[in-house]
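Reading through the structure tokens given below for one structure.
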Amino acid sequence: MSDHLTSVRPAALDRSLCDGRIWLPGDPGYDERRLGWQLAAELRPAAIVFPHTVDEVIAVVRAAVAAGLRIAPQSTGHGAASLAEQDLSSTVIVRLSEFTGVTIDAAAATARVVGGTLWQDVIEAAAPFGFTALHGSAGDVAVAGFALSGGVSFYGREHGLAANSVRAVELVTASGELLRASADENAGLFWAVRGGGGNLGVVTAVEIELLPIADIYAGMLLWDRSHASDVLRAWRDWAADAPEQVTTSFRVISFPPLPQLPPFLAGRDLVIIDGAVHTDNTDAERILAPLRALEPELDTFARIPAPALTAVHMDPPEPAGAVSDHRVLSTLSDDAVAALLDLVGPGTRSGLFMAELRQLGGALGRRPADGGAVASIEGEFALLALAMTPVPEAVAPGLLAARRLCAALEPWALPAQLLTFSETLGDGSVLFGSARERLAYESLQVDPRGVFQANHPIR
Ligand SMILES: Cc1cc2nc3c(=O)[nH]c(=O)nc-3n(C[C@H](O)[C@H](O)[C@H](O)COP(=O)(O)OP(=O)(O)OC[C@H]3O[C@@H](n4cnc5c(N)ncnc54)[C@H](O)[C@@H]3O)c2cc1C
């Protein structure tokens, strides 16, 4: 709970901040800009600004603090749902979507990623040097919000959470100072920001380690939902023995009959397994053979350039509205499989667009010695239940459907969550686990008045 003084004086903000790229409620253009990528997240801040430089970020932070306002740093708004559950009437959203850039240091195998830069821009810049990075399924998610909230990649079981690939962070703190945090400088802040993210300051650059991967064996296997039971049980057994070079996802998806979708998706209830196998082709084919033996209707697994991995999961190409619920599962017993299929299996009408199980384990479950606040995730599978909300009336039934599925799987759930999959204002002790107290302490050192407001608050 913040003790920040919140006298609501948005008019006190200088209109020339960010060269005039500032919008207040009632301004023409405020409504188009207040929403982020996640359109179901109704953000109504006291102001929204779009800085283009570090100096502009510093000026905004100083002006907001002087006006008694709080600050919510943001890059794309993919993770905006739990921010929208908070009171933003005295908050300035600092959206860094127009402050971007990436520099690759091939000799050091690192990338310096500015402000709100998207993963796709980073992996395309890294590709000519034979590198990629621990990005997630969608290329239009920003590095900052993903990597500083953990971040589960299709390279994750081999290389761990994306937060562990962060080498240094530059951020503007509540005092309006630009600090660099790394293992050697401001080490406490460096520990905290790798998990605490937007609770500590506005991140203006992140330095990440790159992976020496130029191409990858990746794709999807697709069946009609009538095969859900066989495919889920086979995938569950296969996942238990799969090598760490493999990270996959199992989904039951109901596509609406939209004309812009290809015929093999439009209006269909499907089961899809997708992901990446980081081995040579011979080993990848041997590893995937038990799943291919289930005779998928479509099999796109093949060697592809690393930047093409973000197309495999078929995430929505444009901003979209959705509501979801999430659990981390310790295991997927026969009873758990039955509970899942009862709600999303053949012949059911769950009201969900998608029920996803993301394969965890391997390096995702191991905490490196030099890890930050969020450095590993226990459990074998991450469950995400998601309903699309093309109209506001779809929010309540969508949430109900998502919560119903997660409640049914509760007996196998751990008291843990992935920050990046959690779209509700959750219990801090579940979200941050044993790191919570030290996170609160580190945040008090740089932000004693609780100026910063993240999607997942730490105090
Ligand atoms: C289509 C889709 C696919 C996804 N796929 C995956 C996946 O494969 N794996 C996975 O782990 N997650 C995935 N996610 C979740 C995603 O990683 C999170 O929503 C993530 O937080 C988004 O980061 P962002 O910066 O783009 O979003 P934002 O909403 O802009 O940021 C989320 C939070 O991060 C912090 N933040 C962002 N930028 C800054 C900054 N510059 N300075 C300080 N704090 C900042 C803030 O606290 C902010 O509230 C997916 C989400 C979607 C919608």
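Summary of computed values
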| quantity | calculated |
| --- | --- |
| Condition broken by V252, with the remaining ones in (1) closer than 26 Å to V277 by Cβ; (2) within 16 Å of the ligand (Cβ to nearest atom); (3) crowded, with 24+ Cβ neighbours inside 10 Å; (4) of a type in the set (A, V, I, L, M) satisfied | (2) |
| Selected residue [within 12 Å of the ligand (Cβ to nearest atom), modelled with pLDDT of 95 or more, farther than 21 Å from T389 by Cα and out of contact with any His (no Cβ under 6 Å at 6 or more places or on another chain)] from L360, L341 | L360 |
| In the range 320-372, the residues that are under 26 Å from A84 (Cα atoms) and in contact with a Lys or Arg (Cβ under 6 Å, 6 or more places away or on another chain) | D325, M354, E356 |
| One residue from I93, I58 being under 18 Å from R449 (Cα atoms) and either within 21 Å of the chain's Cα centre (by Cα) or of a type in the set (S, T, Y) (or both) | I93 |
| Given (1) crowded, with 24+ Cβ neighbours inside 10 Å; (2) farther than 22 Å from I58 by Cα; (3) in the same structural domain as H52 (by TED's automatic domain parsing), number of the condition G77 does not satisfy | (2) |
| Residue match in the range 99-109 (condition: in contact with a Phe, Trp or Tyr (Cβ under 7 Å, 6 or more places away or on another chain), surrounded by fewer than 24 Cβ atoms within 10 Å (Cβ to Cβ) and in contact (Cβ under 8 Å) with a residue 40 or more places away in the chain) | yes |
| Selection from the range 138-165 of residues that are of a type in the set (A, V, I, L, M, F, W, C), within 13 Å of V122 (Cβ to Cβ) and more than 7 Å from the ligand (Cβ to nearest atom) | V143, A147, A162 |
| Strands (runs of 3 or more DSSP E) completely within the range 18-98 that count 3 or more residues being within 18 Å of E423 (Cα to Cα) | 70-74 |
| Inter-residue pairs, beta-carbon under 7 Å, first of a type in the set (S, T, N, Q) and crowded, with 19+ Cβ neighbours inside 10 Å and in the range 336-365, second at pLDDT 95 or above and not in a helix (DSSP H, G or I), 6+ apart | Q359/T247; Q359/T248; Q359/S249; Q359/F381 |
| The one condition in (1) more than 14 Å from the ligand (Cβ to nearest atom); (2) in the same structural domain as F154 (by TED's automatic domain parsing) that E378 fails to fulfil | (2) |
| Given (1) within 20 Å of the chain's Cα centre (by Cα); (2) surrounded by fewer than 16 Cβ atoms within 10 Å (Cβ to Cβ), index of the condition G428 fails | (2) |
| Positions within the range 291-313 being among the acidic types (D, E) and either surrounded by 18 or more Cβ atoms within 10 Å (Cβ to Cβ) or not in a strand (DSSP E or B) (or both), in sequence order | E295, E297 |
| Restricting the range 110-137 to residues that are buried (at least 24 other Cβ atoms within 10 Å of the Cβ) and more than 11 Å from the ligand (Cβ to nearest atom), the residue that is nearest to E378 (Cα to Cα) | A133 |
| Residue among S350, S324, S330 that is polar (S, T, N, Q) and more than 27 Å from L258 (Cα to Cα) | S330 |
| Some residue of the range 362-371 being in a strand (DSSP E or B) and either over 19 Å from the mean Cα position of the chain (by Cα) or not hydroxyl-bearing (S, T, Y) (or both) | no |
| Members of the range 68-86 that are within 22 Å of the chain's Cα centre (by Cα) and either without any contact (Cβ under 8 Å) to a residue 24 or more places away in the chain or more than 11 Å from the ligand (Cβ to nearest atom) (or both) | E85 |
| Boolean, L419 is touching a residue at least 24 places away in the same chain (Cβ under 8 Å), within 14 Å of the ligand (Cβ to nearest atom) and not in a loop (DSSP other than H, G, I, E, B) | no |
| Residues that are more than 15 Å from P316 (Cβ to Cβ) and surrounded by 15 or more Cβ atoms within 10 Å (Cβ to Cβ), drawn from the range 255-271 | R268, D269, L270, V271 |
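Condition check ((1) under 19 Å from I216 (Cβ atoms); (2) free of Cβ contacts under 8 Å to residues at least 24 places away in the same chain; (3) assigned to a strand (DSSP E or B)) across all residues:
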| position | (1), (2), (3) |
| --- | --- |
| V113 | no, no, yes |
| Q120 | yes, no, no |
| I123 | yes, no, no |
| L134 | yes, no, no |
| A138 | yes, no, no |
| V152 | yes, no, no |
| R167 | no, no, yes |
| G176 | no, no, no |
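The values are calculated or read from the model by the stated rules, or taken from the named source; none is laboratory data. None of these values were measured; they are calculated from a predicted model. So basically every Cβ, Gly included, is an ideal-geometry build from the backbone, and we count neighbours across all protein chains shown.
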